[in-house]
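Okay, structure first, notes after.
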Amino acid sequence: MRRWRFLLFSGLFMVDAPLAEPQAIPPATQSQIDSRIASSHADVAVAFRTLDGKSEFFYHADEPFHAASTMKVPVMIELFHQVQEGKLQLNEQIPIHVEFHSIVDGSLYKLDPADDSEIALYNAKGKTRTISQLCDLMITVSSNLATNLLIEKLGVENIQVATKSLNAGGMHVLRGVEDPKAFAKGLNNTTTARGLLVLMTAIADGQAVNASSSEQMLEILEHQKFNEGIPTGLPPGTRVAHKTGEITKIHHDAAIVYAPRPFVLVILVRGLVDAKDSAAVISDITRLLYQSTQ
């Protein structure tokens, strides 16, 4: 579909010229990325687009992957949506508990700090934390406990509605994390690289809820503590707002990169046991895309 640029001049809209369709990255770069993925022996998906809309690259971008902790991005978006609607306040206190209901039969399961990337919140059981504090823990240190507490508060159905409203159909949030009965039945949160690209682009463009909410989300994403993937493929000091996701044989990174030509990049990796190997794949692909588009 052709896109057109409109100019506001003397109170009249005037058609200027059709905007050029996004251009693919250079064939040589595509070949290098293909070779790097083939040598990794992993399943990899990539979605890349500069924020000026002039360059893009997609590789298996519509293939579904286990979302791992990248599903925390739509949770954050719905959180700010409900705050904007006045349903919640960021300073609202939430009681801390560690038991949740399975989506399979409603039975209780308990989160284990040994399976979480953040354990301090477990020591606050019986106390409270603000929604803002939980959101920060969910994104920056990928706390599973904070995530489940927020999903319980927001409603998983509302999270999926918000995702669909942004046309990110590739992201499917069914449940909180560490639901063993759901996992056994294959009821997992899934995403595509394109779906995550849509969500991250909405935040970058100030269109995820509204400009003010998007700016707050960007600030949280910039404080990400796990930086072994996309950031290592960029020049030191490059501003990056991103969310990672990592479980056994799964390693993802979804980022807004404020390079000279800012871009959104999502890389999903499946099948590698050693996280150092998957991080190297993510880093190398990032470096190739950066070098060919900046």
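Centroid-to-centroid, using Cα positions, the stretch 182-225 and the stretch 129-152 are 14 Å apart. Looking at the chain alone, DSSP beta bridges between its own residues are antiparallel in about 95 percent of cases. How far, in degrees from 0 to 90, does helix 211-222 lean away from the longest principal axis of the Cα atoms of the chain, to the nearest 10? The helix 211-222 is inclined about 80 degrees to the chain.
Around Leu272, under 10 Å between beta carbons, what's the net of Lys plus Arg minus Asp minus Glu among the other residues?
Numbers: positive: Lys249, Arg270, Lys276; negative: Asp43, Asp274, Asp277.
Net local charge, Leu272 excluded: 0.
Dipole magnitude for the chain: about 340 debye, using +1 per Lys or Arg Cβ and -1 per Asp or Glu Cβ, origin at the Cα centre.
Largest mean-square fluctuation among His101, His172, His251, in a Gaussian network model of the chain whose springs join Cα atoms under 10 Å apart, belongs to His101. Expressed as a fraction of 2.2 N^0.38 Å, the C-alpha radius of gyration for the stretch 49-135 is 1.47. About its Cα centre, the dipole of the stretch 15-85 is roughly 280 debye, where the only charges are +1 on Lys and Arg Cβ and -1 on Asp and Glu Cβ.
Please give me the summed charge of the neighbours of Ser143: other residues whose Cβ is under 12 Å from its Cβ, Lys and Arg +1, Asp and Glu -1. Its environment carries a net charge of -2. Mean-square fluctuation check for the chain, GNM, Cα pairs under 10 Å: which of Thr29, Thr147, Thr163 is largest? Residue with maximal mean-square fluctuation among Thr29, Thr147, Thr163: Thr29. Computed per residue of the chain from DSSP H runs no shorter than four, each worth -39500 (n - 2.57), the mean residue ellipticity at 222 nm is -11000 deg cm²/dmol.
Dividing the C-alpha radius of gyration of the chain by 2.2 N^0.38 Å, with N its residue count, gives 1.03.
Bear in mind that the values in this text are calculations on the coordinates, not laboratory data. Please read all numbers here as calculations on a predicted model, not as lab measurements. Glycine gets a Cβ as well: all are built from the backbone with ideal geometry, and neighbour counts include every protein chain shown.
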